[in-house]
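Quick notes on the structure that follows.
The values are calculated or read from the model by the stated rules, or taken from the named source; none is laboratory data. Quick caveat, the model's predicted, so the values are computed rather than measured. Positions of Cβ are generated from backbone atoms using ideal geometry, with glycine treated the same way; all protein chains shown enter the neighbour counts. Surface areas here come from the heavy atoms of the whole protein model, side chains and all, with no ligands, DNA or RNA. Shrake-Rupley method; radii C 1.70, N 1.55, O 1.52, S 1.80 Å.
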Amino acid sequence: MLRVDLNPGGGESILGVAALDRLVTLFDTLHERPAVRAVVLSSSGDDFSLGGDRREYQDALDTDPTGTSLRRILDRGHRLCQALENSHAVTIARLHGRVVGQGLALASFCDLRVAADTTRFRLPELGLGMPPAWGGVLGRLISEAGAARIRELMLTSEAFDAGTARELGLLHKVAPYDGLDAAVAAWTRPISRRSAEALTLTKRMFAGYARADRTADIGLLDAHLMAAQLRQ
């Protein structure tokens with residue numbers, strides 16, 4: 001098992017360029033480590049993730065008003081989410097604190113998700129004047145939880161708790177904060193005994209069926225959609 005800390009410094013947990021580059025590089029090199037059966041994404045900060053770094057977005061626009069630099073930043077999100085979905089390893093999101101916007105997008109692309117019972121979730125994009133365009137998240141959330149409830153949560157930007165997230169299918173387990181590691185171990189122990197080849201094949205079968213449900217997926221346009229909105 002490989003555990004990856006989104007926020008090794010323990011400060012504000014934001015998915016800035018440095019964090020995205022580190023994660024993309026990790027998953028790119030993971031192909032050379034076939035013995036790794038599971039990857040756990042967690043955070044040492046107070047929150048799993050507060051989403052993207054809007055200051056970086058604004059700085060990119062100030063430096064390059066054409067939006068090209070901003071689109072490159074946003075494309076990193078799409079690359080990362082696709083890497084999570086395509087990885088041979090089972091990916092596990094270990095969630096606590098707040099899971100907001102792009103942080104929830106990242107978690108949704110993990111195969112398994114467990115959260116502390118005090119975790120709070122929110123999809124604030126519309127309230128911030130942005131479309132839900134990052135990493136192909138809209139198609140993924142609809143595939144995992146259904147269009148009706150995701151539409152409501154997107155349109156209202158209403159916060160919701162771990163129990164609601166589990167009811168929606170966005171979580172597989174809810175546990176007390178001090179029980180998160182035990183919940184993760186309950187998954188990783190049997191996964192470590194599975195055939196590596198069978199795990200990879202099973203993951204790719206699930207990914208194939210999920211993509212079949214997203215035949216009109218416009219995730220590749222996410223960076224262009226968001227960049228166009230932020231330039232207004």
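3J(HN,Hα) along the range 71-84: 4, 5, 4, 5, 5, 4, x, 5, 4, 5, 5, 5, 5, 4 Hz, from the Karplus curve 6.51 cos²θ - 1.76 cosθ + 1.60 with θ = phi - 60°, whole Hz, x for Gly and Pro. Between Val40 and Leu2, Arg3, Val4, Ile92, the built amide H atoms are under 5 Å apart, and every one of these is 5 or more places off in sequence or on another chain. Take the chain, connect every pair of alpha-carbon atoms lying under 10 Å apart with a spring to form a Gaussian network, then pick out the residue of Gln58, Gln82, Gln102 with the largest mean-square fluctuation. Among Gln58, Gln82, Gln102, the largest mean-square fluctuation in the Gaussian network model of the chain belongs to Gln58.
Spread over its residues, the convex hull of the C-alpha atoms of the range 13-52 is 68 Å³ per residue. Springs join every pair of Cα atoms under 10 Å in this Gaussian network model of the chain, and among Arg98, Arg79, Arg193 the largest mean-square fluctuation is at Arg193.
With distances taken between every two different alpha-carbon atoms, the chain has a Kirkwood hydrodynamic radius of 17.9 Å.
Across the range 130-135, computed HN-Hα scalar couplings (Karplus, 6.51 cos²θ - 1.76 cosθ + 1.60, θ = phi - 60°) run 10, x, x, 10, 7, x Hz from first to last residue, x flagging Gly and Pro.
Restricting the range 77-185 to GluC sites (Glu not before Pro) that sit in a DSSP loop and have at most 16 other Cβ atoms within 10 Å of their own Cβ leaves Glu158. Each residue, Asp181 and Thr118, gets one label point 7 Å from its Cα in the Cβ direction; the gap between the two is 1.7 nm. First select every other residue whose beta carbon is under 11 angstrom from the beta carbon of Ser87; then total the charges, Lys and Arg +1, Asp and Glu -1. Result for the neighbourhood of Ser87: +1. For the range 1-75, a Kirkwood hydrodynamic radius built from all Cα pairs, placed in the Stokes-Einstein relation at 20 °C and 1.002 mPa s, yields a translational diffusion coefficient of 155 µm²/s. Over all Cα pairs of the range 93-212, how is the pair count split among 5 Å bins, expressed in % and running from 0 up to the last occupied bin? P(r) over the range 93-212, rounded to whole percents: 2, 11, 20, 23, 18, 14, 8, 3, 1, 0.
Gain on full extension, evaluated as 0.36 nm per residue between Ala148 and Asp64 minus their Cα-Cα distance, stands at 26.5 nm. Between Leu15 and Leu50, Gly51, Gly52, Asp53, the built amide H atoms are under 5 Å apart, and every one of these is 5 or more places off in sequence or on another chain.
Apolar share of the accessible surface for the range 150-195: 49 percent from carbon plus sulfur atoms, 1.4 Å probe. The residues of the chain expose, per residue, 47 Å² of accessible area to a 1.4 Å probe. Remark: the range 51-64, residue by residue, has Karplus-estimated 3J(HN,Hα) of x, x, 9, 5, 5, 5, 4, 5, 4, 5, 5, 5, 6, 9 Hz, where x stands for each Gly or Pro and the curve is 6.51 cos²θ - 1.76 cosθ + 1.60 at θ = phi - 60°. Using 0.36 nm per residue and subtracting the Cα-Cα separation, the extra length available between Glu12 and Asp161 on full extension is 51.6 nm.
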